[in-house]
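Novice: Structure incoming, see below.
The values are calculated or read from the model by the stated rules, or taken from the named source; none is laboratory data. In this text, all values refer to a predicted model and were calculated from it rather than measured experimentally. Don't worry about glycine lacking a Cβ; one is built from the backbone with ideal geometry, like all the others, and counts go over all protein chains shown.
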Amino acid sequence: MSQNSATFGYRDVDPAEKPGLVRGVFDRVAGRYDLMNDLMSAGVHRLWKDAVAARLNPQPGEVIIDVAGGTGDMARRFAKMARAAQLRRGGDDATIHVLDYNAEMIAAGIEKGGEPEMTWGVGDAQRLPLPDACADAYCISFGIRNVTDISAALREARRVLKPGGRFLCLEFSRPVSEGLRAAYDLWSFKAIPAIGEWVASDRDSYQYLVESIRRFPDQEAFAALMREAGFSRVTYTNFTGGVAALHQGWAI
Ligand SMILES: C[S@@+](CC[C@H](N)C(=O)[O-])C[C@H]1O[C@@H](n2cnc3c(N)ncnc32)[C@H](O)[C@@H]1O
C-alpha cells in the first residue's frame, strides 16, 4: 500500500476520501448497528467483548478510553465492572470515555442509555482530543480497520496512555485453519451482505465491512505495527479460531 492511497474495502482510494466514505457507512448503519452485530456474528461478538472486558478488568478510579466506541457496547461493560469492583472495595469512580468520529453512532449510543461513569465525545482516533498520558487504558473494538492511517492511530494511543497504561484492540482477524477460513468466507461474502440488505436495506455498507476485514493486517502484522508505535510486551489471543483477535500491549 503506497502512502498515496488508502483502502476502502477492496478499493484503493485517496486517503483524503476515506474518512468521508467510512463515515457514510456508519451514518447509514447506526440505527441498526447493534441488531446487525448480533445477526452477523450469531451473538458471538458479545462473548468476545465480555472476554476483552474481563482481560482489562476495569478498576475504580481508572480512566479508560473507548476509541471508535460506536454505541458504547464496550464502555458499558467497563463501567459496570469498575462499579462492581468499587462496591466491593471502595475507591473513586472510574471514568469511561467513549470517543467516535461519527456523531450518528454517538447519538445512537446516548439514546440507548449509558452508565454514570460514561462520558461521550466526537473525535478522530488519529488526532485524539486528549492530553498526553491521561489514560490508564485504551480500548478500540472493531474500529481500527476503519481508520485511514492505522499507525497514526496507534501512535496516538501510545501518546495518551500513562506510563504502565494498557492498550487493547479487538478486531476481526485471520482464521488459523483452512477449513474455518473457507466457511468464514462463505458466511462473509454470501450471508452478511444479504443480511445487510434484508435488515438494513443496505447491502453495500455490509459488503464494505466484509472487504475491510480482509484487507486488515493479520495477527502478526498488526502486532508488528503495535511494536513500531512504541508498545511493549505485545501479545495476541485468537477468538473463535482467529475469526477475531485481541491484541494487547503496554505503554512502558
Ligand atoms: C464497527 S464500529 C465499532 C463500534 C464499537 N467499538 C463496537 O465494538 O461495537 C466502528 C466504529 O469506528 C468508528 N470510526 C471509524 N473511523 C474512526 C476514526 N478515525 N476515529 C474514530 N472513530 C472511527 C465508526 O464511526 C464506528 O462507530
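Novice: Taking interchain pairs and intrachain pairs at least six residues apart, which have beta carbon atoms under 9 angstrom, with the first residue in region 77-105 and on the phi < 0 side of the Ramachandran plot and outside any loop (DSSP other than H, G, I, E, B) and the second polar (S, T, N, Q) and within 16 Å of the ligand (Cβ to nearest atom)?
Specialist: The qualifying pairs are Thr95/Thr119; Ile96/Thr119; His97/Thr119; Val98/Thr71; Val98/Thr119; Asp100/Thr71; Met105/Thr71.
Novice: Which numbered condition trips up Pro60, out of (1) within 16 Å of the ligand (Cβ to nearest atom); (2) modelled with pLDDT of 95 or more; (3) not in a helix (DSSP H, G or I)?
Specialist: Checking Pro60 against (1) within 16 Å of the ligand (Cβ to nearest atom); (2) modelled with pLDDT of 95 or more; (3) not in a helix (DSSP H, G or I), the one that fails is (1).
Novice: Just wondering, is there one or more residues in region 123-144 that are within 12 Å of the ligand (Cβ to nearest atom), over 19 Å from Leu56 (Cβ atoms) and buried (at least 21 other Cβ atoms within 10 Å of the Cβ)?
Specialist: no
Novice: For region 155-169, enumerate the residues that are free of Cβ contacts under 8 Å to residues at least 60 places away in the same chain and more than 17 Å from the chain's Cα centre (by Cα). Spell out how you get there, then give the answer.
Specialist: Step one: of region 155-169, the residues free of Cβ contacts under 8 Å to residues at least 60 places away in the same chain are 156, 159.
Once the filter is applied, which keeps residues that are free of Cβ contacts under 8 Å to residues at least 60 places away in the same chain and more than 17 Å from the chain's Cα centre (by Cα), region 155-169 yields only Arg159.
Novice: Within region 65-93, how many residues turn out to be within 13 Å of the ligand (Cβ to nearest atom) and in contact with a strand residue (DSSP E or B) (Cβ under 6 Å, 6 or more places away or on another chain)? Walk me through how you get there before you give the answer.
Specialist: At the first step, the residues of region 65-93 found to be within 13 Å of the ligand (Cβ to nearest atom) are 65-78.
Cutting the leftovers down to in contact with a strand residue (DSSP E or B) (Cβ under 6 Å, 6 or more places away or on another chain) gives us 65-70, 72, 74-75, 78.
Total meeting the criteria: 10.
Novice: If the requirement is being closer than 24 Å to Glu104 by Cα, touching a residue at least 40 places away in the same chain (Cβ under 8 Å), part of a helix (DSSP H, G or I) and within 14 Å of the ligand (Cβ to nearest atom), which of these qualifies: Gly31, Gly20? Show your work before the answer.
Specialist: Numbers: Gly20 fails: touching a residue at least 40 places away in the same chain (Cβ under 8 Å).
Being closer than 24 Å to Glu104 by Cα, touching a residue at least 40 places away in the same chain (Cβ under 8 Å), part of a helix (DSSP H, G or I) and within 14 Å of the ligand (Cβ to nearest atom) holds for just one of Gly31, Gly20, which is Gly31.
Novice: Are any of the residues in region 53-61 of a type in the set (D, E, K, R) and either under 25 Å from Arg203 (Cβ atoms) or surrounded by 17 or more Cβ atoms within 10 Å (Cβ to Cβ) (or both)? Reasoning before the result, please.
Specialist: Going through region 53-61, the residues of a type in the set (D, E, K, R) turn out to be 55.
In the following step, the residues that additionally are either under 25 Å from Arg203 (Cβ atoms) or surrounded by 17 or more Cβ atoms within 10 Å (Cβ to Cβ) (or both) were identified as none.
No, region 53-61 contains no residue that is of a type in the set (D, E, K, R) and either under 25 Å from Arg203 (Cβ atoms) or surrounded by 17 or more Cβ atoms within 10 Å (Cβ to Cβ) (or both).
Novice: Moving on to the next point. Where the second residue is more than 10 Å from the ligand (Cβ to nearest atom) and at pLDDT below 95 and the first is outside any loop (DSSP other than H, G, I, E, B) and lies in region 131-154, which pairs have Cβ atoms under 6 Å and are six or more apart or on separate chains?
Specialist: Pairs that qualify, where the first residue is outside any loop (DSSP other than H, G, I, E, B) and the partner is more than 10 Å from the ligand (Cβ to nearest atom) and at pLDDT below 95, are Arg145/Phe216.
Novice: Regarding Thr235, is this residue within 21 Å of Leu47 (Cα to Cα), without any contact (Cβ under 8 Å) to a residue 24 or more places away in the chain and more than 15 Å from the chain's Cα centre (by Cα)? Before you say what the answer is, go through the steps one by one.
Specialist: Values: within 21 Å of Leu47 (Cα to Cα): yes; without any contact (Cβ under 8 Å) to a residue 24 or more places away in the chain: yes; more than 15 Å from the chain's Cα centre (by Cα): yes.
Answer is yes for this residue.
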